[in-house]
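Colleague: This is the structure I want to talk about, given as structure tokens.
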Amino acid sequence: MALFSRSVSTFVAAGGSLGVVLAFVSSCLGPDPNHCAHNNGDAFCGGSTPYCNGCLSSLDNQGCVAEEPEERCYEPGDSPFAEEGTSTGEMTTTGDGPTDDGMATSTTATPDCTAEGERDDLCPSDAPFCVGAECVDCVGAGGDEFCDGLDASFPVCGTQGECVECSDANTDRCVGDTPFCNEGSCSGCYEHSQCGDFGCNLFDGRCMDDGVINWVEGPECTTETGFGTMEQPYCNLGSAQQNIDDGDSVMTIRILSPDDFTQSITASSDEVVVVISDNGTPRIGDASALQAVNGGQLMAQNVVLDGSMETTVRCNSNGEVWLRDTHVTSNGNGNGMQLDPGCNAVIERTIVSLNSEGGIIADRADVRMYSSAVMSNGEDDQATYGISLSGGTFEASHITVITNLGDTGGRNIDCVLDGTGGPTQVSIRNSIIMHPEDVSFSGCDDIDIVNSAVDDELFESEADGVIDVAYQGSYFAEPSSDNPHLLPSTPFNDVAVWQSGDPRVDLDGEDFNTTPGAGNFAGCDQRQ
């Protein structure tokens, strides 16, 4: 028997009739769209972690926890389908519109609250404070001054109407190891740009200013040899790799030109390496172009890993790899990513496509995948899949998995027992998974999937907010040309749509994110 989270959401429509709807939520309700707090709280979580903790990152099981959080962090959620002024059973909610600073103030008059000047359990989560016997958010309660007086640990009135540690305009409290404000909480770095030229170690939130920077221009650079400086950059990645091998264990590699490179980068032991493109999307086409092995950490952003004749990305033995805004494609004699036992991988805003032996092969690895697409991998006459999972964990949100080939059965996602007989723990939210010829899943009996469009009627009957939709090429822009963004008027426009303003390019350098918010490919701009 498959394991699913189960719930049915009801609402009273504007016309007064009762209806039942699929619990689809917009893929971009806030800067952190994968968090349960932006996806109807507890109703999003379910299973063994049924409570929504707004104080956690979305990378921590999307904020879902096993025990009810303390009051200030608890985000139980309300019906996402209740409209302004419509009945939700016992309470009438009225939106008062935005204030001068852009933050909305909401109040409710029924029932009257009693805990004057404090948080009141009678109030809804979007207006949790009681002022003048009315439920209001922190803006209506008095802003920063109110929050500071209520609890000095959370002195700022945040954009969601809740008292928080900090805001983008008020970061004075964020010091030491958590100098940045991320969704109202002080945190380490989560964007490379926050750390100047050094880049960010995304795994521990620390700027890599204790390391070195190697600048690389590419084969067409004007200096004969180069010295790895911005003024005299190296002409290939091999020189930077040699420095890593010679003892530069913490390194940021900044690529200055959109050239083709035939070298590879490996991080092993305690080495920490970030590869960032500062101009266009350079292609790295060597075999095993990126490797994180034996405890090494390797992060890449805004590069194309194209044309390798072996597995393009490798990770094993406590290695950690983080891809962001990256394209893993056109491997003619291997798979896109091989994630072996002990690997920890994060894949964000990335396309894995057109790899002959399959897209992502994960064996007892822990994989988190957000705002990404896996498409058109494999060959007809081989047992290849888009994503093959054997043990470990796979957590995904806002992904599109389509048109991956295989010889029989599940063509997009395949789950098999690992070498010790253990299953993969699979959690998928707000995603599109479908194939033009067969059902997408094979062997994935224990899977938690909600708010998604899939080509398997079992999930529609057994899971939360899942619709069974047969694949149609007209749903997508150019799936055969590696362009998976959605076209308007699909049956699932609010699921897995790209709404980031960040530029993304295909292999020809064309921007395929031309209409942000209009139904593009799976994903949102993710903040950790």
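Colleague: Among DSSP beta bridges lying fully in segment 192-486, give the percent that are antiparallel, nearest 5.
Modeller: 5
Colleague: Could you run the Karplus curve 6.51 cos²θ - 1.76 cosθ + 1.60 with θ = phi - 60° over segment 388-401 and give me ³J(HN,Hα) per residue in whole Hz, x for Gly and Pro?
Modeller: The phi angles translate into 10, 10, 9, x, x, 10, 9, 10, 9, 8, 6, 10, 10, 10 Hz.
Colleague: I would also like to ask the following. Could you tell me, in Å, what Rg and Dmax come out for the Cα atoms of segment 213-264?
Modeller: 10.0, 28
Colleague: Can you give the local net charge around Arg364? Use residues other than it whose beta-carbon is closer than 12 angstrom to its beta-carbon, Lys and Arg +1, Asp and Glu -1.
Modeller: Value of the local net charge: -4.
Colleague: In whole Hz, with x marking every Gly and Pro, tabulate ³J(HN,Hα) for segment 287-295 from phi via Karplus 6.51 cos²θ - 1.76 cosθ + 1.60, θ = phi - 60°.
Modeller: Result, ordered by residue: 4, 6, 4, 10, 9, 10, 10, 6, x Hz.
Colleague: List the residues whose amide H sits under 5 Å from the amide H of Arg206, counting only those 5 or more places along or on another chain, with H placed 1.01 Å from N in the peptide plane.
Modeller: Residues meeting the criterion, in which the H sits 1.01 Å from N, are Cys189, Asn201.
Colleague: Could the peptides 133-141, 437-445, 232-240 be put in order, highest first, of the mean number of other beta-carbon atoms found within 10 Å of their residues?
Modeller: Result, highest mean first: 133-141, 232-240, 437-445.
Colleague: Using amide H atoms built in the peptide plane, which far-off residues or other-chain residues are under 5 Å from Val352 H to H?
Modeller: Those lying under 5 Å, H to H, from Val352 are Val328, Ala373, Val374, Met375.
Colleague: Starting from segment 331-396, pick out the GluC sites (Glu not before Pro) whose DSSP state is loop and whose Cβ has at most 15 other Cβ atoms within 10 Å.
Modeller: Glu379
Colleague: Also, I was wondering about something else. Quick one: what are the phi-derived ³J(HN,Hα) couplings along segment 304-313, Karplus 6.51/-1.76/1.60 with θ = phi - 60°, whole Hz, x for glycine and proline?
Modeller: Whole-Hz 3J(HN,Hα) from phi for segment 304-313: 10, 9, 10, x, 5, 9, 9, 3, 7, 10.
Colleague: Also: Relative contact order of segment 184-233: what whole-number percent is it, with Cα pairs under 8 angstrom and at least 6 residues apart?
Modeller: Once normalised by length, the contact order is 23 percent.
Colleague: Taking Cα centroids, how far is segment 418-458 from segment 271-327 in Å?
Modeller: With segment 418-458 and segment 271-327 each reduced to a Cα centre, they are spaced 27 Å.
Every read-out reported here was derived from the displayed coordinates using simple, explicitly stated rules and does not represent laboratory data. A quick note: this is a predicted structure, and the numbers were derived from the prediction, not measured. Virtual Cβ from ideal backbone geometry, glycine too; neighbours counted across all protein chains shown.
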